[in-house]
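As structure tokens, the structure follows; a few thoughts come after it.
Just so it is clear, none of the values below were taken in a lab; they were calculated from the coordinates. Note that the coordinates shown come from a computational prediction; the quantities given were computed from them, not determined experimentally. Note that we place each Cβ from the backbone using ideal geometry, even for glycine, and neighbour counts take in every protein chain shown.
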């Protein structure tokens, strides 16, 4: 397959933050991942592109720990990473924003933010440290410039974009290294999409690398530094997602012979 | 829509809406203003409506009290209020336990039968084992907890059967066991401590009501102050997400059944003390009254929504209706009909809540659009064709 190989790598770091090598995953007779390799560098937004069923989501699930690889390896900062659960991944600073957001509509913004990771007083049965949580949540929302009515609003009363933003901000707050975003704007309108993308673009400034799974080339062009294309469980190629490469990327995604260079 | 870089472009109305965020840092030119109350907290019909719906049970209880004190000169006498509290206490205790269970999206049909079982076991052992009130109290509570543990361990680890069916089964077993143990008879004669709890007053307030209040205060404190309380709401709201974010959903879901069992034991103590007896038919279908109280109090049977204070108000509404119909000498056959109507009214207000909330959501989305319009679009690589 034609690959305009070895594109610009962010000059700051030679060694990748995350390296996936020859990842393999089978579901019965179906080969979901067939030797996919992938590098993610510090402070970059990497797009993973591919058609439905190409294996993008499976790959992300393996990186976020909700599924285990059958073959291959994942390395974080040069050290092999063995993930048995999403909890493992989170402990290593890898957070995932799922397509369904995993939000609690009945809980307020702050409670959603800390769900499962509430700050509690030491040596108690889990006495909530509400003041600290409120302060923490406010400061992160402010830093990432997310607009919500108040921390006490139940998330179910927020718009789609705000909900998405809450999910992203939650991941960012707890991620020390990587945030994985699976189709972050799938359910959003034009303007809400714009807001979420703006948020994503800001993450590298916070020292966080992003893996963005998407269908939408425009979006990818807007926020990603590099794009990796996967088809039928294989890595097809890599390109800088800009206007000039548009046709090339599309041809990689659908598997048609490339017209443009 | 070209952006003038040195000026926040906002329409006058929203500009005025955020005076707090007014000092504009230079870098803010391309971004939205940071977190702030992004609209003045002006109450609209929707938000006022939502507040009213939330207060619905309280207002309804007040209305009942006003009407009854007008209709009957006896209603607001000390004696009657004491009676009312006394009579409501068993359902109220059960409702507190049921409330936690319903918050997680489950239900416990066995509660009433467990009350009967506790009264029978307590009464029997008062004769055969000891007349020490504390021991009997402990045994009755332990009985309730034991059934709660059985419910929890059948429902949760396997998650094969619904709580409805499982507790239907344990209800039948507990009820049958109560009749078998008592031989179908009423076993009288409990230790004085239990009789005091069930039928005496302290400073004019029924001891049973004090027990209810104490239990409710503890539960309220635990649910609002402990992580565990949030987790109860979380698993009721979205069980799958709860598991994914690392909440020990299974343990939390089991814990509420154990507390529900404890509540049934407590109700058993009150029930036994009230009549100085244990019998298999005691508190028959009391769990349905408790569930009604929770629902009338504004909680959702889907889980994740409701307040403890609402639940207590719900129990008081049930008690007041019972008491009021008595005072007005209405044929007791009418009581279930009235209760049914009230329950359906509660469902109606819940429906209104859903409608109002979706209106609020819509408004939130529109608000966001206005803000996006006012933000300066970033010069992007948006030239790539789709």
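Averaged over the residues of peptide A:113-121, the number of Cβ atoms from other protein chains lying within 10 Å of each residue's Cβ is 5. Three semi-axes describe the equivalent ellipsoid of chain A; taken as square roots of 5 times the Cα gyration tensor eigenvalues and ordered largest first, they are 32, 21, 17 Å. Look at A:40, A:181, B:117 and count the other Cβ atoms within 10 Å of each Cβ; fewest to most, that gives A:40, A:181, B:117. Within the listed set A:193, A:153, A:96, the residue fluctuating most in the Gaussian network model of chain A (springs between alpha-carbon atoms under 10 angstrom) is A:153.
Using R0 = 41 Å, the C-beta based FRET efficiency linking residue B:58 and residue A:84 works out to 0.25. Expressed as a whole percent, the proportion of Cα-Cα pairs in segment B:245-350 lying more than 16 Å apart is 68%. Stokes-Einstein, applied to the Kirkwood radius of segment B:45-355 over Cα pairs at a viscosity of 0.692 mPa s and 37 °C, places its translational diffusion at 166 µm² s⁻¹. Helix-derived [θ] at 222 nm for chain A: sum -39500 (n - 2.57) over DSSP H runs of at least 4, divide by residue count, nearest 500? So the helix-based figure for chain A works out to -8500 deg cm²/dmol.
Between the beta carbons of residue B:185 and residue A:121, assuming R0 = 56 Å, the FRET efficiency works out to 0.60 to the nearest 0.05. By the count of neighbouring beta-carbon atoms within 10 Å, fewest first, B:231, B:65 end up ordered B:65, B:231. Taking chain A as a Gaussian network, where each spring joins two C-alpha atoms under 10 Å apart, which residue of A:229, A:120, A:179 fluctuates the most? Sorting by GNM fluctuation, first place goes to A:120. Across peptide A:191-202, the mean count of Cβ atoms from other chains lying within 10 Å of each residue's own Cβ comes to 3. Per-residue Cβ neighbour counts within 10 Å put B:140, A:252 in the sequence A:252, B:140, beginning with the fewest. Mean per-residue shielding of peptide A:153-166 is 4, counting Cβ atoms of other chains within 10 Å of each Cβ. Each semi-axis of the equivalent ellipsoid for the protein assembly as shown is √(5λ) with λ an eigenvalue of the Cα gyration tensor; in descending order they amount to 57, 30, 19 Å. As I understand it, the value is the acute angle between the Cα axis of helix A:190-202 and the longest principal axis of the Cα atoms of chain A; what does it come to in degrees, rounded to 10? Here the helix axis deviates by roughly 90 degrees.
For chain A, the longest principal axis of the Cα atoms and the long axis of helix A:130-143 meet at an angle of about 40 degrees. Centroid-to-centroid, using Cα positions, segment B:168-222 and segment B:102-138 are 7 Å apart. Treating segment B:58-98 as a set of equal point scatterers at the Cα positions, no solvent, please give the Debye-formula log₁₀ I(q)/I(0) at q = 0.21, 0.25, 0.31, 0.34 Å⁻¹. Relative scattering, expressed as log10 I(q)/I(0), comes to -0.76, -0.91, -0.99, -1.01. Please find the FRET efficiency linking residue A:31 to residue A:243, where r is the Cβ-Cβ separation and R0 is fixed at 51 Å, and quote it to the nearest 0.05. Rounded to the nearest 0.05, the efficiency is 0.90.
Computed over segment A:81-207, the convex hull of the alpha-carbon atoms projects to a mean area of 8.5 nm². Using alpha carbon centroids, what distance separates segment A:164-230 and segment A:13-61, in Å? Taking the Cα centre of segment A:13-61 as reference, the centre of segment A:164-230 is 17 Å away.
In this rough spin-label picture, where each label sits 7 Å from Cα along the Cβ direction, the residue A:201-residue B:131 distance is 8.5 nm. When chain A is treated as a GNM with alpha-carbon contacts under 10 Å, the residue of A:201, A:56, A:122 showing the greatest mean-square fluctuation is A:122.
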